[in-house]
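First the structure, in the form of structure tokens, and then the observations on it.
Bear in mind these aren't lab numbers, they're just calculated from the coordinates by the rules spelled out. This one's a predicted model, so the numbers in the text were calculated from it and none came from an experiment. A quick note on method: Cβ atoms are made from the backbone with ideal geometry, for glycine too, and the neighbour counts reach across all protein chains shown.
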Amino acid sequence: MSTISLKSLSIENLRGSVTPFVLNFEKGKKLTIIYGENGTGKSTISDAFDLLGNSKIGSLENRGVGSSTKTYWPSVGKSHSDVKVSLETSSGTCILSLDKKNVSVDFEELRPQVSVLRRSEILRLIAAQPAERYKEIRQFIDVSGIETSENTLRKLINNKERDFDTAITRVSENRNAIEHFWKQVNCPIHDVISWAKDEVKKDVAHLEKKKNNIDALISYWNKIEGGYEKYLQICNEIENAETKLANDQVTLTKLSEAASNNYLEIIDILQAAQKYFHKHDTLEKCPLCGSSENISNLVENVNRQIEENGLVGKLNTAKQTVSRSEISLKSKKQQLEDFLKNTRDDFKKLENYCLNTSEIQDLDLPFFPAPEDPTQWLEWTTEYNKKESWRKEADRCIDSKNFIETLRRSLNDLANNENIVNELSITLPKLKRVLDIIESKRKEYTDNILEAISIRVGELYELIHPNEGLDKITLALDAAKRGSLDISMEFSGKQDTPPQAYFSDSHLDTLGLCVFLALAERENPEQKILVLDDVLGSVDEPHVERVIGMIYDVIQKFQHTIVTTHYRPWREKFRWGILKPEQGCQFVELKHWSLDNGMALTGSITEIVRLKNLLADSDPDIQSITGKAGVILEALLDFLTIKYACAVPRKVGNTYVLSDLLGAVNGKLLRELKVEKISEQNNEEIQIGEILKEIQQIAQTRNVIGAHFNELSFNLYPQDGLRFAKLVEQLCDALICPDYGWPNKDTGSYWKNGGDTRRLHPLKKPS
């Protein structure tokens, strides 16, 4: 059994927790009952545990809020990042936080296992369609790993079946493609596939090489093609250059003749002097004769003489033009010489390539040698230009290469697809067999669990509804449908009866509760927190005692159990100590919820403890004490009169006052009533009949002081009220153990409580 105990649950900004809320758990108590009217926050506490354990809030599912319930997790006006939930246990603290997409948990190893049961889930379990019903129990029957593998295998089979169908289709397509190629070459042999296999053996590298060689041939030819036209162009350019040079020389001659001989003789000297003057700013004497006379006008005189007839610029321009024309002519002649050499070299390269390249020898090649005389080139290239036929041959090489390669791909595809068909023909039946085995084993495993669960459900249901005609409950997977759960029963001799056909809402609720409890306790319950969220909604009063008793029996197996309820009788049963105290029950009560204050709780104590607290007050309120003691005394007398079938005056509504009940415990029964208080230290026998006799003597004190206003109460001493209350306290201490409660169990000799610390005698009312 787990030794981990809960210490506290803290909730911030989750749904109803608009202010921080803390629930502290009492040490040593594995059951916490949370009572509250609707709308006080019970479901928020359940949701916090659901979120901690399962990363979801099940209360919002199937509420018509859409598929993304996470939107509504935070409190109104808060974001996901504001939500915090923490659970402190004896092992440490698990802290949960949110963002818009993820649930994050600090200290994942401390995260609890949580099973949450809500009344809505009970209804869905019973009333839902079989497929939806199966979803409700999946959380308890963990075959998720098997189902994941099963679904993966099923997807694999579906994919392989598609691959198989595709491969068959492609085999047909591949054969049709090969047959098409075969027909293109006029069906050379009868066997298409044999022909194709022979064809793909051909050397496509040779075709590729020949195509490249033809491309090179065309490239060589392109270099010599048009050589004659280029030759004529250059010759024409030389002729034009010669004509221009002759014209430029005539112009220069005419300008020279127009100038005087003296001018031409001295112009060079004058221009040299002008250059000298530009370099020397200051002159003291003539640089030619060395005289200083007329030195001041020397520069002006030289410039004037140079410009005298305006011929200097024209002569210089004419000389430069002649020079450029000479250079141009020389360049053209050199261009012609280079062109002739290069072209003759290209002819030679073409010749060498044609003569020495074996892959092109089947082509229509030129006749060599080519003419040296450029005037003969046009005739030669015109006669031997076969470029068009060469290109067609290159294209044919490519087509043949592509044909073979495409045919090879078709053959390869055919072989691959045939292999796929053959392999899948063997593999698919095996995969389907494995799937059948997995499905069968999963169903067998689940059915075995459900069969065991069915027995346990029947046991639990019998505790609540004994001898009501229900013979057997059956939970089983639908053999014809995957993931469908059927619930049936034998009822009044009828086989396979759906419970929803005959059961009341109360019976359906308890049946669903039994199913969930049986499932929840199946696997490691000692490591699981069980949360029962308001599951007693429609349970009618005659059965509620047995439901509570059944829950008490089941929850002993769990690490901790949280029960939320708005069922007021449960609250009252706790207050009067009727719930089984040996279970270590913590009872808390939620106050009314408000937007400003959020959730709030108060602890609940039994009426007997309330009386003891009143008696312990240093200034006791006698009226409150006697009133509380009177109510408790009525409860004690109600217990005794029922146990011993005492005669009580019949009244409308079965309501009885203190005098009715007190007077019913009388005679021999009153004399023999006693309780054995048993402890490890000592055993004590208490004559509770004697206590009741004393109470009978002062019972009017309750009515006078504790129940009504009258002047008589002013004349009674407080000690009378205190005496009455203390006698009631003695009676409580004698009958009720604070740890194990009331003596309710019939031993055949006496009545005892769960811990055998109280033994009530006699067993039956003496005759």
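The table that follows gives values for the structure above.
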quantity	calculated
Amide H within-cut-off set for S75, under 5 Å, with H built and near neighbours excluded	L14, R15
Extension gain, L763 back to T382 (0.36 nm per residue minus Cα-Cα distance, nm)	123.2 nm
Förster radius 60 Å - calculated FRET efficiency between L153 and H190, Cβ distance, rounded to 0.05	0.85
Cα→Cβ-extended label distance, 7 Å offset, between E680 and R391, nm	11.4 nm
Förster radius 22 Å - calculated FRET efficiency between Q274 and T317, Cβ distance, rounded to 0.05	0.80
Linear extension gain, Q361 paired with D660, 0.36 nm per residue minus alpha-carbon span	94.0 nm
Set of lysines near K183 by C-alpha distance (under 17 Å), chain-local residues within fewer than 8 positions excluded	K197
Given K230/K319; K29/K101; K528/K612; K29/K84; K29/K441; K155/K441, the pairs whose alpha carbons are separated by over 29 Å	K230/K319; K29/K101; K528/K612; K29/K441
Dipole magnitude (debye, nearest 20) for the stretch 608-761, charges at Cβ of Lys, Arg, Asp, Glu	500 debye
Cross-link pairs beyond the 32 Å C-alpha cut-off, checked among K557/K674; K668/K745; K244/K348	K557/K674; K244/K348
Under 20 Å from the Cα of K209 - aspartates and glutamates, other chains or at least 8 residues apart	E199, E351, E359, D362, D364, E388, E393, D395, D399, E405
Rg to Rh quotient for the stretch 637-685, alpha carbon positions, Kirkwood Rh	1.14
Residue order, fewest to most surrounding Cβ atoms within 10 angstrom, among V192, V457	V192, V457
Likely footprinting exposure, D215, D596, fewest C-beta neighbours within 10 Å first	D596, D215
Packing rank of 721-734, 314-327, where each peptide gets the mean count of other beta carbons within 10 Å, highest leading	721-734, 314-327
Fewest-first ranking of W742, W221, using other Cβ atoms within 10 Å as the exposure measure	W221, W742
The stretch 1-51-the stretch 351-413 distance, computed between alpha-carbon centres (Å)	93 Å
Theoretical gain in end-to-end length, I437 to K244 [0.36 nm per residue, Cα-Cα removed]	58.9 nm
Hull shadow area, averaged, the stretch 299-419 [alpha-carbon convex hull, nm²]	18.2 nm²
Amide hydrogen neighbours beyond the local backbone of K528, cut-off 5 Å, H modeled	Q559, H560
Rounded, prolate or oblate (a/c below 1.5 giving rounded, otherwise prolate when a/b exceeds b/c) for the stretch 608-761 by Cα gyration tensor	oblate
Inter-label distance for N342 and I426, nm, one decimal - labels placed 7 Å from Cα along Cα-to-Cβ	6.9 nm
Burial order of peptide ranges 656-666, 199-209, 11-21 (average beta-carbon count within 10 Å, highest first)	11-21, 656-666, 199-209
